[in-house]
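The values are calculated or read from the model by the stated rules, or taken from the named source; none is laboratory data. Predicted, not measured: the structure shown is a model, and the values here were computed from it. With ideal geometry, Cβ positions are generated from the backbone for all residues, glycine too; neighbour counts draw on all protein chains shown.
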């Protein structure tokens, strides 16, 4: 199997990668079949002196066959992938770590609820572009947009979700490897789009506890 995707630190990354490669290999085979047919036709029906041009109005049977084959392939892929996307997009595993992320031109506004676990209270902590989370724990993200459409994208988590003004979208992830990783905006959102880059910091349990204590020292 090809190995050119970024490393995965997500608990669901392996499943997503497998499905990606299924689609990748199917489209690769189709590409070579189509390209090969075109090359064959270019050679087989190249210009020759004295050859008369013949016109065809198509082949209904052949058109029905490739339409049905394509339709069946898409239905099979949809049915096979449904459990995976349901788990990622529709199910929300329980978590004690909830962070609000708001996309704005041109930063990620990160809001932590503080020890009381509630947003909009005095112990909230806000910072731009730094998302601190513990390793091997489910994290809930409340995703919003302040002005235009942004796209929260963490390649190593295989996570990408558009942030829409006026909507709050819940999503989740579980990172299984400590480190620092990029959070770019994947939606063209204005002249400063290319500089809209956040950082995901996945802490070990001890380091995350230390970060919490340094952020809320009185608790």
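Only one of (1) over 17 Å from residue 211 (Cβ atoms); (2) at pLDDT 95 or above fails for residue 84. Which number is that?
That leaves (2) as the condition not met.
Only one of 89, 54 is at pLDDT below 90 and either outside any loop (DSSP other than H, G, I, E, B) or surrounded by 11 or more Cβ atoms within 10 Å (Cβ to Cβ) (or both). Can you tell me which?
89 is the lone residue from the list that is at pLDDT below 90 and either outside any loop (DSSP other than H, G, I, E, B) or surrounded by 11 or more Cβ atoms within 10 Å (Cβ to Cβ) (or both).
Going through the range 22-37 one residue at a time, which ones are over 32 Å from the mean Cα position of the chain (by Cα) and at pLDDT below 95?
Keep residues of the range 22-37 that are over 32 Å from the mean Cα position of the chain (by Cα), which gives 36-37.
Within the range 22-37, 37 is the sole residue that qualifies.
Yes/no matrix, rows are residues, columns are (1) free of Cβ contacts under 8 Å to residues at least 24 places away in the same chain; (2) closer than 30 Å to residue 166 by Cα; (3) in the same structural domain as residue 172 (by TED's automatic domain parsing):
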residue: 31; (1), (2), (3): yes, no, no
residue: 38; (1), (2), (3): yes, no, no
residue: 43; (1), (2), (3): yes, no, no
residue: 67; (1), (2), (3): yes, no, no
residue: 76; (1), (2), (3): yes, no, no
residue: 109; (1), (2), (3): no, yes, yes
residue: 127; (1), (2), (3): yes, yes, yes
